[in-house]
1. Have a look at GLU33, GLU15 and point out the one that is surrounded by 13 or more Cβ atoms within 10 Å (Cβ to Cβ), out of contact with any helix residue (DSSP H, G or I) (no Cβ under 8 Å at 6 or more places or on another chain) and either acidic (Asp, Glu) or not in a helix (DSSP H, G or I) (or both).
2. Taking the options VAL300, VAL257, name whichever one is at pLDDT 95 or above and either more than 18 Å from LYS102 (Cβ to Cβ) or more than 15 Å from the ligand (Cβ to nearest atom) (or both).
3. Here are the criteria: (1) in the same structural domain as ASP103 (by the TED database); (2) out of contact with any Phe, Trp or Tyr (no Cβ under 8 Å at 6 or more places or on another chain). Tell me which single one GLY301 does not satisfy.
4. Which condition number does LEU207 fail, the rest of (1) within 16 Å of the ligand (Cβ to nearest atom); (2) crowded, with 21+ Cβ neighbours inside 10 Å; (3) of a type outside the set (S, T, N, Q) being met?
5. Enumerate the pairs (first residue in region 128-154 and closer than 15 Å to ALA187 by Cβ; second residue anywhere and assigned to a loop (DSSP other than H, G, I, E, B) and among the charged types (D, E, K, R)) with beta-carbon separation below 7 Å, excluding pairs fewer than 6 apart on the same chain, so at least 6 apart or on different chains.
6. Could you tell me how many of the residues in region 335-392 are on the phi > 0 side of the Ramachandran plot, surrounded by fewer than 21 Cβ atoms within 10 Å (Cβ to Cβ) and at pLDDT 95 or above?
7. Do we find a residue being touching a helix residue (DSSP H, G or I) at 6+ places or on another chain (Cβ under 8 Å) and within 16 Å of the ligand (Cβ to nearest atom) anywhere in region 131-139?
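The values are calculated or read from the model by the stated rules, or taken from the named source; none is laboratory data. Given the structure is predicted, the values throughout are model-derived calculations rather than measurements. Cβ placement follows ideal geometry from the backbone for every residue including glycine, while neighbour counts extend to all protein chains displayed.
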Amino acid sequence: MTSVDMLRTPAELAEAERYTAHNYHPLPVVIAEGEGAWVTDVDGRRYLDFLAGYSALNFGHRHPGLIAAAHAQLDRITLTSRAFVHDQFAEFCRTLAELCGKDLVLPMNTGAEAVETAIKVSRKWGYRVKGVPDGQAEIIVAAGNFHGRTTTIVSFSTDPEAKADFGPYTPGFVVVPYGDETALGAAITPNTVAVLMEPIQGEAGVLVPPRGYFAAVRALCDEHNVLMVADEIQSGLGRTGRTFAIEHEGVVPDMYVLGKALGGGVVPVSAVAADRDVLGVLKPGEHGSTFGGNPLACAVGGEVVRLLATGEFQQRSAELGEHLHARLNALIGHGVIAVRGRGLWAGVDIDPALLTGRQACESLAARGVLAKDTHGSTIRLAPPLVVTKDEIDHAVDQLAAVLADSHQ
Ligand SMILES: Cc1ncc(COP(=O)(O)O)c(C=O)c1O
């Protein structure tokens, strides 16, 4: 039954290629089902999912508690708009605010919308609270950033692929090198309203800044009355072994930007969380979203917050992450040049003389492990936090085999 003629995958890939814009370059895998850390393709082949929807699937595919919450809500009500309050809203917002240690949250849908929300709130705070002259607000961001795909967000991307041909660009952003506090200090002006950064840069290759960098960012923000905004969309909600990656730096930002795993891999749910003196600047009519904070999103997101409140997933990520990193570090000198990351999140630089990241991911997929390349010869590993030690061993064994094969 393994005759290529009998497989559904090639036809499905050809149809997708024919009818969709080519804004992605997916691996040639057509997934039909998923459970926990595993997915099954249309031809019955199983794969360990070591991308986990770019960390949107921190709790694995179809986590029973999340699916039950979604099913129960589907049988009650799914959408009201924010013109009315629904009975899932208050509890979701309260528990998420408590998880973040902040007074208020503002729910949206996608990560990019939450980043846009953070930008708008920072600007308004700058004008109304800090006293920046109208239209002069500046937000400092880091080179190598990835915060989403809207026209404003790509305006401050340093990746030509993400940015070129999409101008004219939104002004008001200043780019500094990531991890260099002297450069940040020099870039702050009286008009700076916020510093917006990822605690670990995911898309850039899981880059961890030098120890002490974010403590310095916090100190500079305090000194100059600037909001520190942490984009934890990919790094947050258990991925690095803590609820928020910024906790590793021992500092608390003024605003968290959350997404991805907040929707449990079921629905898009994002949010910003901040204290009343910041998020309270918004008044009715100034910002919103038809689907933001809808009943289904709140039911699933509420269950996500309950799962995180137990601390179980953060602990799994911390413990299993040590194992993952130990196994990956042992590959340095055997086809791997460097390994970065925290918890169950790793950027692995493959020797470019052996393989591109894309080739490595194609070979891994052929061996039943799904991962994603980024920039050249780097691959990103981010298994669901429900992954087991044996599954980690299996995936790293496959990577070792891919690297060994490439030597021949
Ligand atoms: C750090 C970070 N911010 C923002 C986003 C954008 O999120 P979304 O794709 O849901 O708009 C992403 C997505 O990868 C991200 O990694």
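1. Working: GLU15 fails: surrounded by 13 or more Cβ atoms within 10 Å (Cβ to Cβ).
From the options GLU33, GLU15, the qualifying one is GLU33.
2. Values: VAL257 fails: either more than 18 Å from LYS102 (Cβ to Cβ) or more than 15 Å from the ligand (Cβ to nearest atom) (or both).
Residue meeting the stated conditions: VAL300.
3. (2)
4. Every condition holds for LEU207 apart from (2).
5. ASN145/GLU198
6. From region 335-392, those on the phi > 0 side of the Ramachandran plot are 335, 341, 343, 368, 375-376; that's our starting set.
Still in the list and also surrounded by fewer than 21 Cβ atoms within 10 Å (Cβ to Cβ): 368, 375-376.
Then drop every residue that is not at pLDDT 95 or above, which leaves 368.
Here the count works out to 1.
7. Yes, some residue in region 131-139 is touching a helix residue (DSSP H, G or I) at 6+ places or on another chain (Cβ under 8 Å) and within 16 Å of the ligand (Cβ to nearest atom).
Quick grid of which residues meet (1) in contact with a Lys or Arg (Cβ under 6 Å, 6 or more places away or on another chain); (2) part of a helix (DSSP H, G or I); (3) within 16 Å of the ligand (Cβ to nearest atom); (4) closer than 25 Å to ALA204 by Cβ:
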| position | (1), (2), (3), (4) |
| --- | --- |
| ILE77 | no, no, no, no |
| SER81 | no, no, no, no |
| ASP87 | no, no, no, no |
| CYS93 | no, yes, no, no |
| PRO107 | no, no, yes, no |
| ALA114 | no, yes, yes, yes |
| HIS147 | no, no, yes, yes |
